[in-house]
1. Does segment 164-176 contain at least one residue that is touching a Pro at 6+ places or on another chain (Cβ under 9 Å), more than 29 Å from T43 (Cβ to Cβ) and of a type in the set (S, T, Y)?
2. Kindly list the number of the only condition in (1) over 17 Å from the mean Cα position of the chain (by Cα); (2) closer than 18 Å to F40 by Cβ; (3) not basic (K, R) that fails for E186.
3. Name the one entry in G231, G204, G159 that is of a type in the set (G, A, S) and in contact with a Lys or Arg (Cβ under 6 Å, 6 or more places away or on another chain).
4. Kindly indicate the residue of segment 132-173 that is over 19 Å from Q191 (Cα atoms), touching a residue at least 24 places away in the same chain (Cβ under 8 Å) and polar (S, T, N, Q) and also surrounded by the most Cβ atoms within 10 Å (Cβ to Cβ) among those meeting that condition.
5. Considering only segment 225-239, how many residues are surrounded by 15 or more Cβ atoms within 10 Å (Cβ to Cβ) and not in a strand (DSSP E or B)?
6. Taking V118, is it buried (at least 19 other Cβ atoms within 10 Å of the Cβ), touching a Lys or Arg at 6+ places or on another chain (Cβ under 9 Å) and of a type in the set (V, I, T)?
7. Taking segment 36-50 as the region of interest, how many residues are in contact with a Lys or Arg (Cβ under 6 Å, 6 or more places away or on another chain) and not aromatic (F, W, Y)?
8. Residues that are acidic (D, E), out of contact with any helix residue (DSSP H, G or I) (no Cβ under 7 Å at 6 or more places or on another chain) and either buried (at least 18 other Cβ atoms within 10 Å of the Cβ) or without any contact (Cβ under 8 Å) to a residue 24 or more places away in the chain (or both): does segment 185-193 have at least one?
Amino acid sequence: SLSDANQVRTASFNITAGFEGGGYASFQNHDAGIVSYGRFQFTLAGSGLFAVLQRYTSRAQTATASDLRSVYLERTRNHDPNLREDTRLRQLLLDAANDPIMQAAQDEAATELYWNVVQQLSIVPRNIRTPLGQALIFDMGINFGPRHGFLGAAEQKLGVPPKSRLGENGAREEDLITVLAQLRKESHDRQAERDHLPGLKVRGDFWVSLIQKGDWPLQGDPDGTLLVKPGVRVKVRNF
């Protein structure tokens, strides 16, 4: 089972990366994030891209790291909007993505900025223990930012006090997570209708169907993988 915390985190990261962009080298510069990079689409507009580059450039000794450090680290810290069209930055980021030090930097930044935050803010205070519940809440933290209002709305719908401990507040964890996934699905469905982007429904549907299957321990299919969206399978055990 995935009771071990690092296993749960690795499975959660793999699922969310499958939705977000997929790989450590993912790069896009078409939206409000200015530049979005890596398996969790760390943005220049936010603090994520700087957090990744700061870690990478302080450890790696390559020419790529040296260029990123000397030319781009400060500009990233300052969210320089001119970097959107900077082809040199793009090439350096793509080159760095194969470096295990960069891959570790991305996973550590995701742990610090998202995983630890949702654990402290949402998961631990409510006594949420299932791997599925933890993975769903991490995925929502990446998708909506850690301080979204969905958990509060789910508690209201269940009739339990805000941030109350499951198992002690008259509700089961499975009840809250089921309502949470449903509210999230409805939000994606509304956006899909409004923006005529049916693909947006996939992420909400994935979690609802995982709950319907009862895969609370996140075991996945017999081979230890889950299909997160058409053509994208990720490992949730046997790493």
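Throughout, read-outs are computed from the coordinates displayed, never taken from laboratory work. Since the structure is predicted, the reported quantities are computational estimates derived from the model, not experimental observations. Glycine gets a Cβ as well: all are built from the backbone with ideal geometry, and neighbour counts include every protein chain shown.
1. yes
2. E186 satisfies every listed condition except (2).
3. One residue alone meets the criteria, G204.
4. If we take residues in segment 132-173 being over 19 Å from Q191 (Cα atoms), touching a residue at least 24 places away in the same chain (Cβ under 8 Å) and polar (S, T, N, Q), then Q134 is surrounded by the most Cβ atoms within 10 Å (Cβ to Cβ).
5. Looking only at that region, the number is 2.
6. No.
7. Of the residues in segment 36-50, 0 are in contact with a Lys or Arg (Cβ under 6 Å, 6 or more places away or on another chain) and not aromatic (F, W, Y).
8. yes
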